[in-house]
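Single-structure report; data block below.
The values are calculated or read from the model by the stated rules, or taken from the named source; none is laboratory data. This is a predicted model, so every value here is computed, not measured. Note that each Cβ is placed from the backbone with ideal geometry, even for glycine, and that neighbours are counted across all protein chains shown. Ligands, DNA and RNA are excluded from the accessible area calculation, which covers all protein heavy atoms including side chains. Shrake-Rupley method; radii C 1.70, N 1.55, O 1.52, S 1.80 Å.
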Amino acid sequence: MKPVIAICPGSFDPVTNGHLDLIERAAKIFDKLIVSVLRNQEKEPLFDLEERLEMLREVLRAYPNVEVDSFAGLLMEYARQKQARVILRGIRAVSDYEYELQMALMNRKLEPQVETVFMLPGEAYSYLSSRLVREVARLGGSLKGLVPAIVEERLRVKIG
Ligand code: PNS
């Protein structure tokens, strides 16, 4: 059997404890997990690509089978390049499902050899998103337990 390589794609602006929970679960299942940040997004990110990669590398250092990378263009093209057979996505609530279903089916149409695998993050993170983290940080609320300490610190520096 060939090793199973999975890609966990996303914006990670910034990485949250919900992402980490999912990555930790997936790292136990797949031989190799590539956490990959989408480059050149239309929306203006809070953290630039290099900052997002730095934070991911720092918090994922302890996982020997997890690699941090970035990609541009079609995810399925990138999966082909990386010889990945799986795309990993987290589903928090029913509201995530419709968007995820559309993406998974479009990706399957583009590359039938690659399977999208959905996993559930811990229930404690079911309401957590990078967008809400940015908003709470902007408004001066506490993010304790929701993002890694280094991300909390970076948010403080960035937003003030
Ligand atoms: O963290 P996000 O923002 O929900 O991640 C979205 C992501 C990066 C998975 C998605 O935007 C993506 O895969 N973009 C790559 C472009 C692509 O392949 N589009 C066609 C397939 S739907």
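Surface composition of segment 5-159: carbon and sulfur make up 51 percent of the accessible area, probe 1.4 Å.
A simple count of charges around Arg57, restricted to other residues whose Cβ falls under 15 Å of its Cβ and scoring Lys, Arg +1 and Asp, Glu -1, yields -4. Could you provide, to the nearest whole Å², the per residue accessible area of segment 5-159 with probe 1.4 Å? Per-residue accessible area for segment 5-159 comes out at 57 Å². Cα centroid separation, segment 141-160 to segment 1-58: 18 Å. As a check on your grasp of the helix formula, calculate [θ] at 222 nm for the chain: sum -39500 (n - 2.57) over DSSP H runs of n ≥ 4, divide by the residue count, round to the nearest 500. The helix-only estimate for the chain comes to -12500 deg cm²/dmol at 222 nm.
Result for the chain in a Gaussian network model with C-alpha springs under 10 Å: among Ser126, Ser36, Ser95, the largest mean-square fluctuation is at Ser95. Leu74 contributes an accessible area of around 100 Å² to the protein surface, as traced by a 1.4 Å probe with all chains present.
Taking every pair of alpha-carbon atoms in the chain, give the share separated by more than 30 Å as a whole percent. Every Cα pair in the chain considered, those over 30 Å come to 12 percent. The Cβ shell under 14 Å around Gly140 holds other residues with a net charge of +3, Lys and Arg each +1, Asp and Glu each -1. Qualifying trypsin sites (Lys or Arg not before Pro) in segment 1-35, where qualification requires a DSSP coil assignment and no more than 15 other C-beta atoms within 10 Å, comprise Lys28. Note on exposure: Thr16, Thr116 ranked by accessible area (1.4 Å probe, complete protein assembly) read Thr116, Thr16, with the most exposed listed first.
Our estimate of slack between Met119 and Ala72, defined as 0.36 nm per intervening residue step minus the Cα-Cα distance, is 14.5 nm. Summing Lys and Arg as +1 and Asp and Glu as -1 over all other residues whose Cβ lies under 10 Å from the Cβ of Pro121 gives a net charge of -1. Residues Asp13, Asp48 ordered from highest to lowest accessible area at a 1.4 Å probe: Asp48, Asp13.
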